[in-house]
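The values are calculated or read from the model by the stated rules, or taken from the named source; none is laboratory data. Predicted model, so just to flag it, every value in this text is computed and none were measured. Cβ placement follows ideal geometry from the backbone for every residue including glycine, while neighbour counts extend to all protein chains displayed. These accessible areas exclude ligands, DNA and RNA; they are computed on the full protein's heavy atoms, side chains included. Shrake-Rupley method; radii C 1.70, N 1.55, O 1.52, S 1.80 Å.
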Amino acid sequence: CPKYKEVPRQGLVDALTQEDKDVILKAFVRDMDGLKQKIEECKGDGTGEKKNKVLVLTDPLCTLDVREQIFKDIVEEYEKQGQIFIKPHPRDELDYYKVFPDYPIFDGTVPMEMLNFFEGLRFEIVVTVFTDLKGIRFADKLVRLGDEFMDKYEDPEIHNQNKN
């Protein structure tokens, strides 16, 4: 459409003031106090000792029982590298509060990009299976596990449709 002009999102985000970001956050975040508490948990373990923080972004993958096993395996692998935090995908219906009661869990309705708007929020690692990680500015290392990882959990024909 000739009336629209497409520009990269990052330039628009960079132009936002903190006041602009706060307005956007109010549109997306139902429980700001709860989210801020989770973010404070991410900033440190309270002992002064630096502990790596790992954010696991979920995906609405396959059946719930297989999905539960996938994320149990991811948490088991990455908790060796630091404190796990879980951010469910907005369409993910697995009850992560029940499956992972000992881990901090972000509200699944909050888009992950909103975490970019919190000053001082930093993760050493963000890991996901398929989520696009290009918009994340709050992590040192981004890990997208991809198709080969999923091959262990379901028939590759299901998630490799684009390759066929």
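Observations on the model:
For (1) surrounded by 16 or more Cβ atoms within 10 Å (Cβ to Cβ); (2) not charged (D, E, K, R), each residue gets a yes or a no:
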site	(1), (2)
Glu41	no, no
Thr109	no, yes
Val127	yes, yes
Lys152	no, no
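- Filtered residues of region 131-159 (kept if touching a residue at least 60 places away in the same chain (Cβ under 8 Å) and under 16 Å from Gln69 (Cα atoms)): Leu145, Met150, Tyr153, Glu154
Residues checked against (1) in a strand (DSSP E or B); (2) out of contact with any Gly (no Cβ under 9 Å at 6 or more places or on another chain); (3) open to solvent by less than 70 Å² (accessible area, probe 1.4 Å); (4) modelled with pLDDT of 90 or more:
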{"site": "Cys1", "(1), (2), (3), (4)": "no, yes, no, no"}
{"site": "Leu12", "(1), (2), (3), (4)": "no, yes, no, no"}
{"site": "Leu25", "(1), (2), (3), (4)": "no, yes, yes, no"}
{"site": "Lys38", "(1), (2), (3), (4)": "no, yes, yes, no"}
{"site": "Lys51", "(1), (2), (3), (4)": "no, no, no, no"}
{"site": "Asp59", "(1), (2), (3), (4)": "no, yes, yes, yes"}
{"site": "Glu68", "(1), (2), (3), (4)": "no, yes, yes, yes"}
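- Number of positions in region 103-130 that are among the acidic types (Asp, Glu) and under 20 Å from Leu64 (Cβ atoms): 1
- Scanning region 84-140 for residues that are touching a Ser or Thr at 6+ places or on another chain (Cβ under 6 Å) and charged (D, E, K, R) gives a single hit, Asp92.
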